[in-house]
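Here is the structure we will look at, set down as structure tokens.
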Amino acid sequence: MAQRFVESGRVGGSHCWGGCEAVVKCPGRPIRNRPQVSNLPHIAIIFVLGAASLTAANRAPVPAVESKPHACRVQNIPGEVLCATYPVWENRERKSGRKIGLNIVILPALGPEHAPDPVFMLHGGPGAAATQLAAGVFRFRTRARRDFVFIDQRGTGGSNPLDCDFYGDPPDLQKAVSGTFPADAVRDCRERLSKIADLAMYTTAAGMDDVDDVRQWLGYDKINVWGGSYGTVAAQVYLRRHGSHARTVFLGGVAPVDELIPLHHAWAGQRAVDILFDKCRADAECNSAYPNLREEFRTILDRVRKGVDVSIKGPDGKVVRVRPSLSAFAEGIRHSLYYDDGRTFPAMIHRAAGGELAPLIEKGINANLNLDGLLSMGMNLSVTCSEDVPYIDDATLARETANTFLGDLRVKEQRAACKEWVGGEVPADVHQLVHSDVPVLLMSGARDSVTPPSYAEHVAKQLPNSLHVVFPESSHGNWGLCGYQLWADLIERGSVKGLDVSCVARQKPVKFAIGTN
């Protein structure tokens with residue numbers, strides 16, 4: 001049976017990582033000046049998306065030629081690591097036509113004892129580049145014995161990126177508060193990208209077959225697979241299609257393969273908000289300061305629904321007058337709770353109900369723009385328009401989004417975007433849960449606004465050799481040093497049995513901010 005651990009009580013500590021785009025220079029010299037293993041700290045880790053340091057426009061595709069691992073420099077990593085490129089057929093079945101280059105960064109093991117099984121890291125989204133994670137892990141003690149391999153999934157990073165610019169640079173803030181997928185921008189992006197890519201070929205299954213090609217090319221047999229957010233879907237697909245080469249699997253912020261993104265975003269967002277409101281009510285100081293949060297929240301949503309003009313600060317510091325749509329406003333709230341510890345949320349709702357809408361809108365805009373900057377949105381659409389959105393019927397949509405502050409707005413906007421996009425063929429088992437005896441560690445945040453713990457519970461039903469750890473005070477991945485320690489121990493043991501989960505109980509709860517403090 002799959003194991004489950006939920007520590008009630010105290011959790012805290014939010015440490016963000018992995019927010020740097022890999023920009024490489026390849027001088028072709030031997031690697032030198034490696035950090036000493038003895039100096040490597042236990043680095044706290046968020047096991048999901050980080051904030052993007054560069055916009056999509058900064059990414060460029062690597063050539064579709066084979067370039068074996070060679071010394072290079074990666075932004076925000078001291079010293080030299082390894083870079084490589086590997087060509088794959090865009091159409092893997094036909095094996096003809098266009099080839100694309102896969103962008104690869106390898107952080108070699110640092111110590112003299114070199115384990116044969118590396119860590120392969122799969123990023124979220126869909127649309128985030130795995131090489132963005134490299135700068136956040138270069139000091140991990142796990143590197144003492146193991147290589148870390150980062151392969152930009154096809155359509156992301158340097159692997160023929162399917163980048164879209166929905167809002168411009170600098171961003172058009174009125175457009176940014178008007179909807180998640182601007183129809184004209186989606187259409188323009190499809191027309192532009194169709195000249196360099198067959199958009200139907202950028203599915204999860206094709207991406208994971210690419211990953212296994214690289215594994216074989218690099219000479220590895222067993223690998224330890226790490227997946228965060230959408231990367232958990234990718235990891236499950238890898239486990240299904242190439243599970244004989246998986247030694248261990250980590251799934252953080254777990255999305256089941258039978259979850260139709262974005263069907264339950266509204267439900268998960270409502271659940272996260274309700275948890276924070278309940279926690280505030282249970283906290284004497286917070287409840288005294290903000291006794292009517294639910295009513296105030298409804299008041300805010302009604303104001304935005306009816307239409308309200310708000311002055312906000314743009315990226316250049318200038319004040320801009322905007323009128324947010326309900327869908328963009330609600331999505332901004334849900335996105336802002338991804339990695340936020342929630343401590344300021346009650347205060348922001350109270351201030352917004354009193355007329356100060358700007359801080360809440362600015363927070364939501366920043367969250368939305370950060371995600372758009374991090375992700376190759378064309379790849380996001382190629383995946384979701386093939387694997388998820390076509391399977392959402394009207395009756396299911398109405399039922400699953402009822403009584404939520406976001407409602408069916410996000411799904412309808414993504415449906416409209418998919419009508420402008422190109423869907424691809426998917427395997428017959430695309431929505432079948434993956435069964436495997438490989439050791440799998442699953443982690444969830446109790447108030448995750450996109451992948452709540454019930455998702456991981458669902459996945460674990462088919463993973464008899466698994467352990468599910470729930471962090472009661474956490475959201476979409478802010479599990480700190482404790483989360484890293486558990487994963488590092490999984491790698492060393494090669495098993496979930498005997499993992500010491502007591503660190504969860506030693507972490508502190510979030511304390512709500514009161515007033516302007």
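Quick rundown of the values:
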{"quantity": "Residues (out of contact with any helix residue (DSSP H, G or I) (no Cβ under 8 Å at 6 or more places or on another chain) and open to solvent by less than 60 Å² (accessible area, probe 1.4 Å)) located in the stretch 292-324", "calculated": "G307, V308, G317"}
{"quantity": "So R154, is it open to solvent by less than 10 Å² (accessible area, probe 1.4 Å), touching a Pro at 6+ places or on another chain (Cβ under 8 Å) and either closer than 20 Å to G219 by Cβ or in a loop (DSSP other than H, G, I, E, B) (or both)", "calculated": "no"}
{"quantity": "Checking L162 against (1) of a type in the set (A, V, I, L, M); (2) over 30 Å from R410 (Cβ atoms); (3) assigned to a loop (DSSP other than H, G, I, E, B), the condition it does not meet", "calculated": "(2)"}
{"quantity": "Hits in the stretch 214-240 (condition: buried (at least 18 other Cβ atoms within 10 Å of the Cβ), part of a helix (DSSP H, G or I) and not aliphatic (A, V, I, L, M))", "calculated": "R215, Y230, G231, T232, Q236, Y238, R240"}
{"quantity": "Members of the stretch 450-482 that are modelled with pLDDT of 95 or more, of a type in the set (G, A, S) and buried (at least 19 other Cβ atoms within 10 Å of the Cβ)", "calculated": "A456, A460, S466"}
{"quantity": "Per-region count, the stretch 386-409, residues over 18 Å from the mean Cα position of the chain (by Cα), of a type outside the set (V, I, T) and assigned to a helix (DSSP H, G or I)", "calculated": "10"}
{"quantity": "Residue tally, condition over 12 Å from Y220 (Cβ atoms) and either open to solvent by 10 Å² or more (accessible area, probe 1.4 Å) or assigned to a loop (DSSP other than H, G, I, E, B) (or both), over the stretch 115-142", "calculated": "14"}
{"quantity": "Lone qualifier among G342, G354 - being open to solvent by less than 10 Å² (accessible area, probe 1.4 Å) and either more than 14 Å from the chain's Cα centre (by Cα) or at pLDDT below 95 (or both)", "calculated": "G342"}
{"quantity": "Residue count, the stretch 62-74 (criterion: of a type outside the set (A, V, I, L, M), open to solvent by less than 80 Å² (accessible area, probe 1.4 Å) and not in a strand (DSSP E or B))", "calculated": "0"}
{"quantity": "Total residues in the stretch 183-202, condition free of Cβ contacts under 8 Å to residues at least 40 places away in the same chain and part of a helix (DSSP H, G or I)", "calculated": "5"}
{"quantity": "Members of the stretch 75-88 found to be outside any loop (DSSP other than H, G, I, E, B), of a type outside the set (G, A, S) and farther than 12 Å from N160 by Cβ, listed by number", "calculated": "V81, L82, C83, Y86"}
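The values are calculated or read from the model by the stated rules, or taken from the named source; none is laboratory data. Keep in mind that what you see is a predicted model, and the values were worked out from it rather than measured. Every residue, glycine among them, receives a Cβ derived from its backbone with ideal geometry; neighbour counts consider all protein chains shown. We work out accessible area using only protein heavy atoms, side chains counted, and drop any ligands, DNA or RNA first. Shrake-Rupley method; radii C 1.70, N 1.55, O 1.52, S 1.80 Å.
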